[in-house]
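Student: Quick one: this structure, given as structure tokens, is what I'll be asking you about.
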């Protein structure tokens, strides 16, 4: 699907959609607590994939689990299915089966699993308790998947990280939810001790947090063109992507907070430096912010972006180059040269974050922008273009 957008200015308020990172984990906790899924959440494609796979595992007793294009779904439920035991086949779409999973597969096979990776992933066997040694710098989703799996095994297991943990805030979300559901996990200097087999107990009160990751697109829109308020955000959330507020402030945007509402207003913007080690998903929209700043901004430690829904180093550079903004990779860093953006055609590369970033970029271009593959937003933010228009964005 192609969407044509014209230069415009934001001026309005939208409510944050439910946090995708939070809801994936919450649905798993509810299933393990044998509780009805009675919480409200935004039905993005990734969330629906997790919900359907959990239904297959716990209700339909299906052996085929369709993870869609969701890395969350595959990396969380692959270990969990082996902790439950049985034979399953995971299927995926888009680039999902090309994304990294070998380190996770290896540690699972060391503890009783049989896994065959081809066009699909076939698993059988049952995991045993023990010490699960795994790198922490490939994907934090591996660690969350192991935490869920080990929590249902009878006995005490450990996760030993053999490298620094990347994107640690995402694991913090998992740990908080496990604690809420009565699962004991101890954090150590080298990883985690998981006290499995005690069961999941549904807490009395569940509140689904607003999504800082997706809110960041709209907040950057306010910073580069007009103003924007997003409500329903928790300033005390463990979601790492709330770091977007620090980035906006460092660039010079005017940021105000009132309860659960965050407002951002355009101001003179200057180049900044941002370390993306723990926040790789923010890089596409942070690069858009950088394009509107005076000077050269540096986004550091982007090496893990090559194995996302697209090669996000390439797709971000292509997105900016398509509208005459210079960007280049130097080692593990991305340099973005602020300038005047022109109209152009942006290939979304079937990547939701590129599609949304391109739309926000359209606010400040001299000309029209066409997003080729705009339907990619359905992966995480199906109402993105509705909210974009509500704030003042112009779609032809």
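What follows is calculated from the coordinates using simple rules that are stated; it is not laboratory data. Since the model is a prediction, treat every value here as computed from it, not as a measurement. In this analysis, Cβ positions are derived from the backbone assuming ideal geometry, glycine residues included, and neighbour counts consider all displayed protein chains.
Student: Among the numbered criteria (1) touching a strand residue (DSSP E or B) at 6+ places or on another chain (Cβ under 9 Å); (2) more than 20 Å from residue 137 (Cβ to Cβ); (3) not in a helix (DSSP H, G or I), which one does residue 299 miss?
Tutor: Here residue 299 meets the rest and fails (2).
Student: Suppose we keep only residues that are touching a helix residue (DSSP H, G or I) at 6+ places or on another chain (Cβ under 6 Å) and surrounded by fewer than 24 Cβ atoms within 10 Å (Cβ to Cβ) within region 193-212. Which one would you say is nearest to residue 44 (Cα to Cα)?
Tutor: 209
Student: Among the listed residues 377, 345, which satisfies the condition of being free of Cβ contacts under 8 Å to residues at least 40 places away in the same chain and surrounded by fewer than 16 Cβ atoms within 10 Å (Cβ to Cβ)?
Tutor: 345
Student: Go through region 218-238 and report how many residues are farther than 19 Å from residue 383 by Cβ and buried (at least 16 other Cβ atoms within 10 Å of the Cβ).
Tutor: Of the residues in region 218-238, 8 are farther than 19 Å from residue 383 by Cβ and buried (at least 16 other Cβ atoms within 10 Å of the Cβ).
Student: A further question follows. Got at least one residue in region 47-55 being under 30 Å from residue 225 (Cα atoms) and either in a helix (DSSP H, G or I) or in contact (Cβ under 8 Å) with a residue 12 or more places away in the chain (or both)?
Tutor: There is no residue in region 47-55 that is under 30 Å from residue 225 (Cα atoms) and either in a helix (DSSP H, G or I) or in contact (Cβ under 8 Å) with a residue 12 or more places away in the chain (or both).
Here's the yes/no breakdown for (1) touching a strand residue (DSSP E or B) at 6+ places or on another chain (Cβ under 8 Å); (2) crowded, with 19+ Cβ neighbours inside 10 Å; (3) assigned to a helix (DSSP H, G or I):
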position: 5; (1), (2), (3): yes, yes, no
position: 8; (1), (2), (3): yes, yes, no
position: 14; (1), (2), (3): yes, yes, no
position: 21; (1), (2), (3): no, yes, yes
position: 24; (1), (2), (3): no, yes, yes
position: 29; (1), (2), (3): no, yes, yes
position: 36; (1), (2), (3): no, no, no
position: 40; (1), (2), (3): yes, no, no
position: 43; (1), (2), (3): no, no, no
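Student: Sticking with this one: Here's a check for you: in region 170-189, which residue that is out of contact with any helix residue (DSSP H, G or I) (no Cβ under 7 Å at 6 or more places or on another chain) and surrounded by 13 or more Cβ atoms within 10 Å (Cβ to Cβ) is farthest from residue 30 (Cα to Cα)?
Tutor: 172
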